[in-house]
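Participant: Following this message is one structure expressed as structure tokens.
The values are calculated or read from the model by the stated rules, or taken from the named source; none is laboratory data. What you see is a predicted model; the values in this text were computed from it and never measured. Ideal geometry is used to build each Cβ from the backbone, glycine not excepted, and the neighbour counts take in all protein chains shown.
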Ligand code: BG6
């Protein structure tokens, strides 16, 4: 790993304390290769910021003495508020590099609210912080833009200062082991890949269900809504990995080329292919407009216009404050062409193998197959074959650890390319103008009634 300076803008925010610092600590505690320079508007010196960092690490179960030792030698702070402060930041970066004999490799991590991202990129560029003696990589959190037009503008701005190969757009779902495993599952197991098409698959459902509401993020969420917060990013990334063709080689370019092709093949989404909802009680959350029409739930039916997927519906759905916390992909295979063992034809219609790829919280998969019950009659039962990730491998690394290591190593495979982010916005932008009805649903339910009709049979409610 190259020695480098890891600059975090927005260093006093939630993302830094809950995700970035713990991940950097886990990755870097035994090395001097990484020095962190936090920057934010608060008037803190190095010591004030270090104190916050220790608290954040202790909250993540790091022993206080170890946290203090690491923080004292690896963490620095610079206040940035106005334009001119970025020049000061640039001076501090150079001073630290000189003092600590760093070779000029830099990560510029924007852990700032979406509306600050363009300003920060411009200021970094103007202050000369977009290039250095070594490499400089810009990391931007999702959502990247608010719609197609703003994403294009933001890409243009980023490219004025940074090469595309140095822009790392984070979608933390791509750092989850089980999401990455979708590629291995599909392209290392020919037994499934041979059936992964319109001849064998009846429908695909991608579910990201959250049992918690918006909590303390009301202000951000109310301006963002479920389509921007979850669908355009996490669900669309999972969809791309499930539906893409095999890349020629496992390189960043080949993998991302295939993902972009799938996104470009999705048919425009019609209003009757979407159901939006808002959980009851959302409007009382802190920071939320009491008359808010922001959706917290979405169910969508997508069609992919390719030889592989023509005619197979892909259902996406996600919601806050629903009954269970679960992220899963359910692939329902077509039933047998002849109904030998079921008494009634209707039973046969519903019979078919289902593969549940469970991304969280119980990572693994189960494949539902039909078996004969031990009895003298031919009674057929559906049972799941299980594989559990934690049983096989123990604890799974945090997504941010994987992604930060990739930024530092310079591997962009798990990051979203500029054309990819634009294609994803192109899909959903027509749905973002607030013209669709938003149906109320009870917190702790499976979402609005209207969604059940769209989904046409609900695997979510029945388990897997
Ligand atoms: C974030 C969204 O990107 O992902 C949140 O902004 C959401 O609204 C979160 O709760 C879910 O992530 P995870 O890793 O907990 O499934």
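Participant: Listed residues 235, 241; which is away from the ligand (no atom under 12 Å from the Cβ), closer than 15 Å to residue 263 by Cβ and in a helix (DSSP H, G or I)?
Facilitator: On the way: 235 fails: away from the ligand (no atom under 12 Å from the Cβ).
On inspection, the qualifying residue turns out to be 241.
Participant: Scan the range 326-346 and report the pairs whose first residue is modelled with pLDDT of 80 or more and whose second residue is within 16 Å of the ligand (Cβ to nearest atom) and assigned to a loop (DSSP other than H, G, I, E, B), with Cβ atoms within less than 9 Å and a gap of 6+ or a chain change.
Facilitator: Close Cβ pairs (under 9 Å, with a partner that is within 16 Å of the ligand (Cβ to nearest atom) and assigned to a loop (DSSP other than H, G, I, E, B)) amount to 326/210; 326/211; 326/361; 326/362; 327/176; 327/210; 327/361.
Participant: Scanning the range 197-210 for residues that are surrounded by 15 or more Cβ atoms within 10 Å (Cβ to Cβ) and more than 12 Å from the ligand (Cβ to nearest atom), which turns out nearest to the chain's Cα centre (by Cα)? Working first, answer last.
Facilitator: First, the residues of the range 197-210 that are surrounded by 15 or more Cβ atoms within 10 Å (Cβ to Cβ): 198, 200-210.
Adding the requirement that they be more than 12 Å from the ligand (Cβ to nearest atom) leaves 198, 200-206.
Values: 198: 27, 200: 28, 201: 25, 202: 26, 203: 23, 204: 19, 205: 17, 206: 13 Å.
Selected residue: 206.
Participant: Would you check if residue 253 is exposed (fewer than 15 other Cβ atoms within 10 Å of the Cβ), part of a helix (DSSP H, G or I) and at pLDDT 95 or above?
Facilitator: Considered against the rule, which asks whether it is exposed (fewer than 15 other Cβ atoms within 10 Å of the Cβ), part of a helix (DSSP H, G or I) and at pLDDT 95 or above, residue 253 comes out as yes.
Participant: Could you tell me how many of the residues in the range 384-406 are within 16 Å of the ligand (Cβ to nearest atom), in contact (Cβ under 8 Å) with a residue 60 or more places away in the chain and closer than 22 Å to residue 208 by Cα?
Facilitator: Residues that pass the stated criteria total 9.
Participant: Could you grab me the full set of residues in the range 1-36 that are part of a strand (DSSP E or B) and buried (at least 23 other Cβ atoms within 10 Å of the Cβ)?
Facilitator: Kept after step one, since they are part of a strand (DSSP E or B), are these residues of the range 1-36: 4-9, 34-36.
Selection gives 4, 5, 6, 7, 8, 9, 36.
Participant: Pairs needed: first member in the range 220-239, within 20 Å of residue 13 (Cβ to Cβ); second member anywhere, assigned to a helix (DSSP H, G or I) and more than 11 Å from the ligand (Cβ to nearest atom); C-beta distance under 8 Å; at least 6 residues apart or different chains.
Facilitator: 228/428; 233/424
Participant: Okay, moving on. Note down all Cβ pairs under 9 Å where the first residue falls in the range 372-383 and is closer than 10 Å to residue 341 by Cα, the second is in a loop (DSSP other than H, G, I, E, B) and at pLDDT 85 or above, and they're at least six residues apart or on different chains.
Facilitator: If the second residue must be in a loop (DSSP other than H, G, I, E, B) and at pLDDT 85 or above, the pairs left are 379/373; 380/373.
Participant: Among the candidates 218, 225, 293, 213, which residue alone is surrounded by 14 or more Cβ atoms within 10 Å (Cβ to Cβ), farther than 22 Å from residue 330 by Cα and away from the ligand (no atom under 16 Å from the Cβ)?
Facilitator: Working: 218 fails: away from the ligand (no atom under 16 Å from the Cβ); 225 fails: away from the ligand (no atom under 16 Å from the Cβ); 213 fails: away from the ligand (no atom under 16 Å from the Cβ).
Answer to the selection: 293.
Participant: Moving on. Among the candidates 413, 390, single out the residue that is in a helix (DSSP H, G or I) and surrounded by fewer than 19 Cβ atoms within 10 Å (Cβ to Cβ). Explain how you work it out, then say what you get.
Facilitator: On the way: 413 fails: in a helix (DSSP H, G or I).
Answer to the selection: 390.
Participant: Which helices (runs of 4 or more DSSP H) sit wholly inside the range 128-196 and have at least 3 residues that are within 16 Å of the ligand (Cβ to nearest atom) and closer than 18 Å to residue 399 by Cα? Even if it seems obvious, please write down each step before you answer.
Facilitator: Numbers: elements: 148-161, 177-187, 190-193.
Counting at least 3 such residues, we get 177-187.
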